[in-house]
Amino acid sequence: MWAWAPLIALTIWGLVSVDLYRKERYELSQYTNTSCRLLRYSYSVGSCEDYGEYRYSKYKCYYEQFDVGHYVSSGNYTYGTIRINESRQQHPNQQVPNFKSSSFAKL
């Protein structure tokens, strides 16, 4: 009778593993690559400080905001905002999709 115990344990382990794998695959399938449309790009220039271990420095930094829109899996159009603070470099315009058809403003 005890000879079947390892087989039963392995069967239960296999069923649990398959269920976890199935759930993980489903969750991953919900995240798909999508493209978004840049609706507005705005920025401001500021002065930032860097406190290094042996030195202190000030530098010009950028505060950027990207307002975007995209379709979600339900078919609805949703809006979002991406903010980047204290960046040493401003994002180049040519890297932003549909930049020429989008609005551009200084904060």
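Every number here is computed from the coordinates shown, using simple stated rules; none is lab data. No experiment lies behind these values; they were computed from the predicted model shown. Cβ sites come from the backbone with ideal geometry, for glycine too, and all protein chains shown count toward neighbours.
For this structure, a couple of remarks:
- Each Lys or Arg adds one and each Asp or Glu subtracts one; over the other residues with Cβ under 15 Å from the Cβ of residue 70, this totals +1.
- With a Förster radius of 25 Å applied to the C-beta separation of residue 25 and residue 78, the computed FRET efficiency comes to 0.50.
- Loop-located trypsin sites (Lys or Arg not before Pro) across the range 55-92 with a Cβ neighbour count of 10 or fewer within 10 Å are 55, 88, with loop assigned by DSSP.
- With a Förster radius of 22 Å applied to the beta-carbon distance between residue 55 and residue 88, the computed FRET efficiency rounds to 0.85.
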